[in-house]
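Below is one structure, written out as structure tokens; comments come after it.
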Amino acid sequence: MQLFNCPFCGPRDETEFHFGGEAGNLRPDGDVPAERWADYLYMRHNPKGPVREVWVHGNCGEFFVMERDSVSHTVSGSTTLGGEHA
Amino acid sequence: MTSRYSAFSLFKEGLAGQKGWVPAWRSPEPKGSYDAIIIGGGGHGLATAYYLARTHGITNVAVLEKGWIGGGNTGRNTTVVRSNYYYPESVALYGLAHKLYEGLSKELNYNVMLSQRGMVTLCHSMNELEIAARTVNAMQINGTDAELYTPEDVRRVAPIYNFEPDARFPVFGGVWQGRAGTARHDAVAWGYARGASRLGVDIIQNCEVTDFIVEGGRCRGVQTTRGTMRAERIGMAVAGHSSVLSAKAGFRLPINSYALQACVSEPVKPILDTVVLSPGPGVYVSQSDKGEMVIGGALDRIPSYGQRGNLPTLEGVIAGLLEMFPAFGQLKLMRQWAGIVDVVPDSSPIIGESPLPGLFLNCGWGTGGFKAIPAGGTLLAHLLATGRHHDISRPFDLDRFVTGRLLDEAAGSGIAH
Amino acid sequence: MVASRLSSGGSAIDRSHPISFSFDGRTVQGFEGDTIASALLAADVAVVGRSFKYHRPRGIWGAGVEEPNALVDVSGSVRATPNTRATTEPAREGLAARSVNATPDAAADRNAFIDRFSRFIPAAFYYKTFMWPDWHLFEPRIRAMAGLGAVDASWTSPGAADQVNRHCDVLVVGAGPAGLAAARHAAQAGKKVMLVDDQINPGGSLQHRVGEIDGRPAAEWVAATVAELKAGGHLVLTSTTAFGIYDHHLVGLNQRHHDGRPDTLWRVRPRHIVLATGAIERPLPFANNDLPGIMSADAALSYLRRHAVLVGRRIIVATNNDSAYEVAWALAAAGAEVTLVDIRKDGQPAAPAGVKLLSGRSVVAARGKMRVEGVLLDDGTTLGADCVAISGGWTPSVHLFCQGRGRLAWHEARAAFLPGDPVEGIAVAGALAGAVSLSDVFDSAAKAAGADQAAPHSSGFEATGGIQPAWPMPGQKGRVWIDYQNDVTAKDVELAARENFISVEHLKRYTTLGMATDQGKTSNLAGLALMAGITGRSVPEVGTTTYRPPFTPVPLASFAGLTGGELMSPVRRLPLENIHRSMGATFQEYGGWLRPAHYGAKGVAAEQAIQDEALRARRSVALFDGSTLGKIEVIGPQAAEFVDFIYYNTMSTLKPGRCRYGFMLSENGVVFDDGILVRLDEHRFIVSCSSSHVASVHARLEEWRQDRFGRDAVYIHNATSDWATLTVSGPRAKTLVTALDLGVDLDDAALPHMAIAEGRFEGEVVRVARVSFTGDRSYEISIRADRSEALWTRMQQAGKALDAVTIGLEALMILRAEKGYIVIGKDTDGTTMPHDLGVDGPRQKRRNEFVGRRSLFTEVATQGRRQQLVGLAMADGEQPLPTGAHGIVREGGKVRSQGFVTSSYFSPALGRAIALALIEDGSTRHGETIELQHLGMLRRATIAAPCAFDPSGDRLNA
């Protein structure tokens, strides 16, 4: 059972969390070319090693950014989403 | 020297103290250039090399494996072979693999122990039965064997399933594919390796690709931990690490890597004669020829390259298994492990030329790559030999994510991604 | 008699409580405190099983979890379990043990002849044959020969296993001298300690090895330390195996009970882990080293001291290290004639009293048929013996350390892999860390526990770490066993090398060395060392295989715990469930909810009851419990912008007090859910969604909200389970609702179709929405869930005079299908886009951004041959089409699918069968007749509009 840090609730069991995608995958609004849309919708970096991901803590419903390592599973940090939304 | 395998050769070598057996594959020093290079020494990569040599007569080929062959997902899966998929394109793909599996032992002169003991995917509600009917009809129309089973049919093939009235996952029926079953995973990798090596393919182990050589906008070779190697056509079949290589080649893939756990019980005398999948708990099980229950289930839902999962998923899978087969409550878990799977949004593989010309992809098989090894090999070999798609691989090209022509087989793989 | 029970001694047995049990049908006497193995040894049972492949007779090798041979199926007075280790299972009165893999029993196995053909069935032989004519011809035989114990199909569970979660400061694994000392240090430093040991009693090797600690006998120190820990409130568990270390140092323990209860699973989250897991003795490699009577030297000592069993009369102790010297001495002191054969020429201790020592000599072969009768030494001499106790060295149990992501370091002088660089949070102590003497052990324990000074102190005889490696050698003569359980010999390893299976993982998989239930505890190192020798590599160059949980097999039941039956994916239940039951409802699971499928008078078949409900619903008035309907409130100054983004349809133009039907798409353009959006006021909406999608819709709303809107702009509140929703539908619906006296103006001008109003029922707020899923005039009345019973009761009363009918989900499905109203996931699939459902306006006209918009213009979204929602009409008198039947197209001799039937019923209102389907280009093919195939049978139907009943919609206001 991995332990993740919700920035609001503290360390909780992995089963309380849900993966929300790679951080920084900004949505292109408007009539963008099909390739650009496919990039947003489907293409991923999927790094081996340090990753920056969006997660949601199911219990409190808050989305946040977690930094961890996809090989060692070490969790290095959790931050809330963007200042203006905090 | 005994290079052909048979009962007679076993007899002969038995008398000769096993001294005449030859290496199953050669371990040559890598050359500086080849006609084609395949990155990835798992089932798909080795099958590709075999078919390049056998079908296309291209033998100046190297398979580069960063560890030891068959050590990735090919050595970690739950050994199920089936082609009970929904879309005609998928049926063509997995059907090709299935057919090749049926002749594989004789083709390779290597017993891959294909056991066509059938597979039943259970239905636990009227709604699931309706979806099952839809799948069975699609399979029959698309030309593969499928039957819609009644609860009595299920009881006949899996008598120790939980048919109690208070069962959490009561049986309303199921989808049966009689030709489905299991095969010995290591044997598939070793059989293809031996076949390819005998035809002249160089199998280079402990050789990790560190970069691609790109000249004039084309991929022309690789840098590796064992030197530089050039080739005009390069294929990659590196399940779990596809994104790592694609990053080196300068493009992204619609892939997330996850750990897929599997486990075995201690070996017991035969008690389960078919493969059973229950979508209720998302668990499937078969009994290996050694007697172990081979158990699989859902992914650990945390992106990972760690080749290991954690207790919550394992507990969920085992709890589900015991709900399906209460008698297994007397068994013990002997070993658990995990592989790294390429999860793709539509649960269908990616086969075709990559955005880097000269580099060809065979990836994105998710949790279902083992059953497709002969087809993956055939299709990637075709691409490497001709530079063009085989009819069967065309729908699986990476461009489907731009056109939107996804082949959503989430229902087809049984375990939802 | 070779082995015997001494008349005194035995620290673990209680001679005042004799017991008897059976093994392979014969009675065995023992005492409480015996394991099955110790009692069998005392009874001089030499052959306890047959090896996996060659069916060679096998005897007891060890005294612990590393046991490769003595597996038995137990039944009788105890819980039946296959594949039980006789060396760790307590003997019990009335227990019936049977050897595994032997017919009729271990002593007289009829498959013993196989061993004579062993040369023809070496490792991996099955890959080289069985191809002609077909593997299937041979498989059943092979399967029947494989497997050890048997599963009892009639077995029933004794109950669920307990699972316990625990936090502590320090978890110490292993209660031998190192673990006890470390635990004591930690406790004295004020830490909360948990100490676990997989043996029945604590003390580890101190249970049978002499030691003097702080001037007292070791056993006393063990007891005192355990008592001290318990008195300090620390948890000490025995018979508890730490089977795995998982990410973030979650440790899994399996605790065995001795009272018939299932094992307990512990999940422990310690701040620090101290591993004191000891080391496991390995065999020496010589020909026929698998004969019964050849056993671990340490085990021989353990059986002597703990169980008063003298394992032989003429015993040879063969060794390459010091630890066997105490064994030789003790066996001689107990009355056996002992010869000690040490391969080392010099540097070893002096010969123990009463023991004949042969230095610089090694055993090259054992002789005997069903048990050992003598050995041949390297100098050609033969020695008679009835027992050979061997020690090839000690392999530190590094499993947990490696699972915790530790790396190993090879120590040539020790001939051992020891824990390498430290892992944060995990310390190692004792034999695991390479300590041999008790002093070394206590030093390492202090270090592991972070204590300044070692305590206690060994005040007695100390062993040294001298060892001369004794690996199997390439070309060694005879059949030298490496893996006893899987029948792997040195020749198999040589064969693997010959065929180029030279990596440690290929070696394992090719020969199956280390893949048995003992996972190679006594064999892995010898196998890889031999491979190193054959291929000219060093041992660390070959390396080890991956250490994986569980350390020893763990019952599946431990992992399942209580999760089963109703507690597995628990179904959600309606507030009014009991009332429905009292009304005779038959329940079924729909989308995770337990809901009434239909109500029924006794004796009426389900199908008939459903048809009656659907027919009567359209004649008078139907009552229906729709409480599962999702109600997610969207509130705030930007709520309107938010719903415009979330929905496919423009929603911001919806007026307060009005409702609009819409789709929510996924970003790939596929319809994710459909439902009504209600606007309560300018800044407040209610999103209703399918019952089975509530959680996921809520999650998506939150995700988009947090991604694009500030906290002060939009607030999402899932009110689904706060409200019950009771529906009144049909020509007499308005009459019934009027009778409820809700204080709402029900005039059609005030409350038209697709409007909402607020009222009160017995003082409680109710929301009355004119929304219809049946196609008839319909009122969905929502009230606080815990106040719904009264409202439902009043509805039932009011309905009596109106010939009202309470309908279940099955009838509702027919009613909505008659109108062509879809059910997401049934009439749509993972590719269905809104324009496939006939709703193309927003795609063509909307200019602002919404979820999934760009995906509606991809190549696949805009080209033809898309599957579109249609109705299928059949001739009167025809049976309904099977759901899941495919429409087929015949093209050039081949058949392909053009879509499939999604919903199909007999419509009582129309008196004929109706169906909905997704058919290629269906919307432009109305009137066309198509063929459908279901399980090989063919039908015909005509493509029509989805709505088969009241297409003008007049009944919505009737």
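The values are calculated or read from the model by the stated rules, or taken from the named source; none is laboratory data. No experiment lies behind these values; they were computed from the predicted model shown. Glycine gets a Cβ as well: all are built from the backbone with ideal geometry, and neighbour counts include every protein chain shown.
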Quick check: is even one residue across the range C:845-857 without any contact (Cβ under 8 Å) to a residue 24 or more places away in the chain and over 28 Å from B:P395 (Cβ atoms)? yes
Which listed residue, of C:K369, C:K447, is under 30 Å from C:A108 (Cβ atoms) and modelled with pLDDT under 95: C:K369
Only one of B:I38, B:I69 is at the interface with chain C (Cβ under 9 Å from one of its Cβ atoms), surrounded by 24 or more Cβ atoms within 10 Å (Cβ to Cβ) and in contact with a strand residue (DSSP E or B) (Cβ under 7 Å, 6 or more places away or on another chain). Can you tell me which? B:I69
Conditions (1) in a loop (DSSP other than H, G, I, E, B); (2) among the aliphatic types (A, V, I, L, M); (3) in contact with a strand residue (DSSP E or B) (Cβ under 8 Å, 6 or more places away or on another chain): number failed by B:A24: (3)
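Working only within the range B:198-248, note down all residues that are within 14 Å of chain A (Cβ to nearest Cβ) and among the β-branched types (V, I, T). Before you say what the answer is, go through the steps one by one.
So in the range B:198-248, the residues within 14 Å of chain A (Cβ to nearest Cβ) come out as B:208-210, B:238-248.
Within the range B:198-248, B:V209, B:T210, B:V238, B:V244 qualify.
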Would you check if C:A182 is modelled with pLDDT of 95 or more and in a helix (DSSP H, G or I)? yes
Looking at the range C:818-876, which of the residues that are under 46 Å from the mean Cα position of the chain (by Cα) and of a type in the set (D, E) is farthest from the other protein chains (Cβ to nearest Cβ)? C:E818
Please determine, by comparing only the residues of the range C:696-715 that are touching a Ser or Thr at 6+ places or on another chain (Cβ under 9 Å) and not basic (K, R), which one is nearest to the other protein chains (Cβ to nearest Cβ). C:H698
Does the range C:739-746 include one or more residues that are touching a strand residue (DSSP E or B) at 6+ places or on another chain (Cβ under 9 Å), closer than 30 Å to C:R854 by Cα and surrounded by 20 or more Cβ atoms within 10 Å (Cβ to Cβ)? no
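Could you tell me how many of the residues in the range C:116-158 are aliphatic (A, V, I, L, M), at the interface with chain B (Cβ under 7 Å from one of its Cβ atoms) and over 24 Å from C:V100 (Cα atoms)?
Total meeting the criteria: 1.
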Checked B:G358, B:G377, B:G309, B:G366 against criteria (within 9 Å of another protein chain (Cβ to nearest Cβ), crowded, with 21+ Cβ neighbours inside 10 Å and among the small types (G, A, S)); the one match is B:G309
State which residue pairs qualify: first residue at pLDDT 85 or above and assigned to a helix (DSSP H, G or I) and inside the range C:139-167, second residue surrounded by 14 or more Cβ atoms within 10 Å (Cβ to Cβ) and among the charged types (D, E, K, R) in any location, beta carbons under 8 Å apart, and separation of 6 or more residues or different chains. C:E139/B:D289; C:I142/B:D289; C:R143/B:D289; C:A144/B:K269
If you scan the range C:877-886, which residues turn out to be under 10 Å from C:A941 (Cβ atoms), out of contact with any helix residue (DSSP H, G or I) (no Cβ under 9 Å at 6 or more places or on another chain) and within 14 Å of another protein chain (Cβ to nearest Cβ)? C:L881
List every residue pair whose Cβ atoms lie under 9 Å apart, where the two residues are 6 or more positions apart in sequence or sit on different chains, the first residue falls within the range C:591-602 and is within 20 Å of C:G825 (Cβ to Cβ), and the second residue, located anywhere, is of a type in the set (S, T, N, Q) and in a strand (DSSP E or B). C:L594/C:Q588; C:R595/C:Q588; C:A597/C:T586; C:A597/C:Q588
The residue that is surrounded by the most Cβ atoms within 10 Å (Cβ to Cβ), considering only those in the range B:249-268 that are touching a strand residue (DSSP E or B) at 6+ places or on another chain (Cβ under 6 Å), within 30 Å of A:W37 (Cα to Cα) and more than 11 Å from chain A (Cβ to nearest Cβ), is B:L260
Is there any pair with a first residue in the range B:78-91 that is on the phi < 0 side of the Ramachandran plot and a second that is polar (S, T, N, Q) and not in a strand (DSSP E or B) whose Cβ atoms are under 6 Å apart and which are 6 or more apart or on different chains, and what are they? B:S83/B:T144; B:Y86/B:T135; B:P88/B:N142; B:V91/B:N142; B:V91/B:T144
Residue list for the range B:288-306, restricted to those being within 12 Å of chain C (Cβ to nearest Cβ) and either of a type in the set (D, E) or more than 23 Å from A:E16 (Cα to Cα) (or both): B:S288, B:D289, B:K290, B:G291, B:E292, B:M293, B:I295, B:D300
Can you tell me which of C:L594, C:L623, C:L615 is more than 30 Å from C:D263 (Cβ to Cβ) and touching a Phe, Trp or Tyr at 6+ places or on another chain (Cβ under 6 Å)? C:L594
Mind listing whichever residues of the range C:484-508 are in contact with a strand residue (DSSP E or B) (Cβ under 9 Å, 6 or more places away or on another chain) and part of a helix (DSSP H, G or I)? C:A490, C:K491, C:D492, C:V493, C:L495, C:R498
Restricting to the range B:127-146, count the residues that are without any contact (Cβ under 8 Å) to a residue 60 or more places away in the chain and more than 8 Å from chain C (Cβ to nearest Cβ). 4
For the range C:349-365, check the following and say yes or no: at least one residue is buried (at least 24 other Cβ atoms within 10 Å of the Cβ) and not in a strand (DSSP E or B). no
Of the conditions (1) assigned to a loop (DSSP other than H, G, I, E, B); (2) over 36 Å from the mean Cα position of the chain (by Cα); (3) not hydroxyl-bearing (S, T, Y), the single one that C:N201 does not satisfy is (2)
Residue list for the range C:24-49, restricted to those being crowded, with 24+ Cβ neighbours inside 10 Å and polar (S, T, N, Q): C:T35, C:S38
For the range B:7-19, name all the residues that are on the phi < 0 side of the Ramachandran plot, assigned to a loop (DSSP other than H, G, I, E, B) and facing chain C (nearest Cβ under 9 Å). B:K19
The lone condition C:T563 fails out of (1) buried (at least 16 other Cβ atoms within 10 Å of the Cβ); (2) more than 12 Å from chain B (Cβ to nearest Cβ) is (2)
Please go through the range C:181-226 and pick out each residue that is polar (S, T, N, Q) and under 17 Å from C:R305 (Cβ atoms). C:Q199, C:N201, C:S205, C:Q207
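Being buried (at least 19 other Cβ atoms within 10 Å of the Cβ), within 36 Å of the chain's Cα centre (by Cα) and at pLDDT below 95 narrows it down to one residue among C:T512, C:T522, C:T517, C:T489; which is it? Please lay out each step first, then the result.
On the way: C:T512 fails: at pLDDT below 95; C:T522 fails: at pLDDT below 95; C:T489 fails: at pLDDT below 95.
That would be C:T517, the only listed residue that is buried (at least 19 other Cβ atoms within 10 Å of the Cβ), within 36 Å of the chain's Cα centre (by Cα) and at pLDDT below 95.
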Of all residues in the range C:252-269 being crowded, with 24+ Cβ neighbours inside 10 Å and closer than 30 Å to C:V436 by Cβ, which is nearest to the other protein chains (Cβ to nearest Cβ)? C:G252
Which listed residue, of C:I919, C:I943, is at negative phi, assigned to a strand (DSSP E or B) and touching a helix residue (DSSP H, G or I) at 6+ places or on another chain (Cβ under 9 Å): C:I943
